[in-house]
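Notes for the one structure printed next.
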Amino acid sequence: MSEPHPLTRRELLQRAALAAGGGALAATGLAQTMSPTQSSKLPTRPFGETGRSVCMLALGTGHLARDRSLDEAADVVRHALDAGITYIDTAPQYKSEKHVGKGIAGRRKGLFLATKTLRRDYDGAMRDLEQSLHLLGTDHLELWQVHSIGVSRRTGQEELALLHKPDGVMKAIRKVKEQGVADLVGFTGHINPDYMLHILQADDLDFDTMLFVISAALARKKQHGWEDRLLPAGRKKNLGLIAMKVYGGGAAVGQGADKASPAELLHYVWDRGIPVANVGLYSKKHVDAAVAACKAYAAKSRSGKKSPGGGGLPPAHDLALRERFRDIRLPFEQPDYHDGRPGGVA
């Protein structure tokens, strides 16, 4: 079997333009004429040792395209940009890249745009990338990620073996970073922290970032794996760390004895020194609540009432918060869960 031909950046863009009918890329965002104003931007944090600082709140888009039109979804994206969110996370499985692309059209400048590939082979990953660039209306990503370590019931060792294949996804990841199509590369997972540790401990994979589960809504035994073991390991590797499932897949946020406010759940994550909380925000109301929580947290930090970074035992409030979720069933912990399927805010 012959080795796949590595696509150059020019070839990637030519293919994307051809698929778009020749001129759609320029029409959907490459002009980069607008960016969020400095006054509207949300606070940032250093992103590991990537040399970048990133917005503390990321717009997750796992269910953005569900039960709403293209225009309605794009309007939510534009509202998030207007509110100061500059980090947007998507993936082919979410079916939302087209919606994000329309929402950021003409406003690409200054954004941190992240997408993923679920494929573990070189050719498949490169096809994903071509399609993502086309749908997002860009020639460049700030972050491209290997999506969902442990998907399809693969173990950590099986995933590691796939990542080490000569013509696997890591060949695509490295090539895309070398060619400057993506600034950073990372991996994601919410299935098992041990699987993530397998990947993290492989020194030859050269990842810059890790997107993983951190949430007050997790049962304590689950937090032991994600929060007590994986988080310190990621920090030791100086990766850019991104929290997901902050709202417990939507099951933990709201009113009631077993619920919490967006601010409580977001502050829990930021108190642990994680630079970015990636949250599914699928309405203007969701966006506004999360943005208000981010601004309130920044104000507390500036006043000295809250010191980000944490360490040691969690404060009494956090322990009480955890107790609310003792018996809660989280959607992403169920055996039949897959990213992009029905659910609420995440």
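The values are calculated or read from the model by the stated rules, or taken from the named source; none is laboratory data. This structure is a prediction, so every number in the text was calculated from the model and none was measured. Don't worry about glycine lacking a Cβ; one is built from the backbone with ideal geometry, like all the others, and counts go over all protein chains shown.
Output the qualifying pairs, or none if there are none: Cβ atoms under 6 angstrom, residues six or more apart or on different chains, first residue in the stretch 98-112 and under 14 Å from HIS140 (Cα atoms) and in a helix (DSSP H, G or I), second residue modelled with pLDDT under 95 and not acidic (Asp, Glu).
GLY101/THR28; ILE104/GLY29
Go through the stretch 321-346 and give me each residue that's assigned to a loop (DSSP other than H, G, I, E, B) and either modelled with pLDDT of 70 or more or in contact with a Phe, Trp or Tyr (Cβ under 9 Å, 6 or more places away or on another chain) (or both).
Across the stretch 321-346, the qualifying residues are PHE325, ARG326, ASP327, ILE328, ARG329, LEU330, ASP339, GLY340, GLY343, GLY344, VAL345, ALA346.
Looking at (1) at pLDDT below 95; (2) under 24 Å from PRO232 (Cα atoms), which is the one condition that is false for MET196?
(1)
State the number of residues belonging to the stretch 131-140 that are touching a residue at least 40 places away in the same chain (Cβ under 8 Å), in contact with an Asp or Glu (Cβ under 9 Å, 6 or more places away or on another chain) and either buried (at least 22 other Cβ atoms within 10 Å of the Cβ) or among the charged types (D, E, K, R) (or both).
Total satisfying the criteria: 4.
Of everything in the stretch 131-154 that's β-branched (Val, Ile, Thr) and modelled with pLDDT of 95 or more, which residue is nearest to THR50 (Cα to Cα)?
Among those that are β-branched (Val, Ile, Thr) and modelled with pLDDT of 95 or more, it is VAL146.
Before we move on, is ALA172 over 20 Å from GLN145 (Cα atoms), of a type in the set (A, V, I, L, M), out of contact with any Ser or Thr (no Cβ under 7 Å at 6 or more places or on another chain) and not in a strand (DSSP E or B)?
No.
Please tell me if MET210 is hydrophobic (A, V, I, L, M, F, W, C), in contact with a helix residue (DSSP H, G or I) (Cβ under 6 Å, 6 or more places away or on another chain) and in contact (Cβ under 8 Å) with a residue 24 or more places away in the chain.
Considered against the rule, which asks whether it is hydrophobic (A, V, I, L, M, F, W, C), in contact with a helix residue (DSSP H, G or I) (Cβ under 6 Å, 6 or more places away or on another chain) and in contact (Cβ under 8 Å) with a residue 24 or more places away in the chain, MET210 comes out as yes.
Check whether at least one residue in the stretch 97-115 is closer than 20 Å to GLY186 by Cα, surrounded by fewer than 24 Cβ atoms within 10 Å (Cβ to Cβ) and among the polar types (S, T, N, Q), and report yes or no.
The answer is no; no qualifying residue exists.
Quick check on this structure: which one of LEU184, LEU197, LEU205, LEU162 is among the aliphatic types (A, V, I, L, M) and more than 17 Å from THR117 (Cβ to Cβ)?
Result: LEU197 is the single residue among LEU184, LEU197, LEU205, LEU162 that is among the aliphatic types (A, V, I, L, M) and more than 17 Å from THR117 (Cβ to Cβ).
Any residue that is touching a Lys or Arg at 6+ places or on another chain (Cβ under 8 Å) and surrounded by fewer than 23 Cβ atoms within 10 Å (Cβ to Cβ) - is there at least one of those in the stretch 274-286?
Taking every residue of the stretch 274-286 in turn, none turns out to be touching a Lys or Arg at 6+ places or on another chain (Cβ under 8 Å) and surrounded by fewer than 23 Cβ atoms within 10 Å (Cβ to Cβ).
Just a yes or no: is a residue in the stretch 65-83 closer than 17 Å to LYS245 by Cβ, polar (S, T, N, Q) and either over 17 Å from the mean Cα position of the chain (by Cα) or not in a strand (DSSP E or B) (or both)?
Within the stretch 65-83, none of the residues are closer than 17 Å to LYS245 by Cβ, polar (S, T, N, Q) and either over 17 Å from the mean Cα position of the chain (by Cα) or not in a strand (DSSP E or B) (or both).
Can you name the residue in the stretch 40-64 that is basic (Lys, Arg) and part of a loop (DSSP other than H, G, I, E, B) and is also nearest to ARG107 (Cα to Cα) among such residues?
LYS41
Report, by residue number, each residue of the stretch 163-188 that is farther than 12 Å from ASP208 by Cβ and surrounded by 17 or more Cβ atoms within 10 Å (Cβ to Cβ).
Scanning the stretch 163-188 gives LEU163, GLY168, VAL169, MET170, LYS171, ALA172, LYS175, VAL176, VAL181, THR188.
With the structure loaded, tell me whether ARG127 is within 21 Å of HIS198 (Cβ to Cβ), at pLDDT 95 or above and of a type in the set (Lys, Arg) or whether it fails that test.
No: the conditions fail for ARG127.
Does GLY186 qualify as being of a type outside the set (A, V, I, L, M, F, W, C), under 14 Å from the mean Cα position of the chain (by Cα) and outside any loop (DSSP other than H, G, I, E, B)?
Criteria met by GLY186.
Among (1) under 19 Å from the mean Cα position of the chain (by Cα); (2) over 17 Å from MET56 (Cα atoms); (3) crowded, with 24+ Cβ neighbours inside 10 Å; (4) not hydroxyl-bearing (Ser, Thr, Tyr), where does ILE242 come up short?
Failing condition for ILE242: (2).
Name the helices (runs of 4 or more DSSP H) wholly inside the stretch 209-277 in which the number of residues that are not basic (Lys, Arg) is 2 or more.
231-236, 262-270
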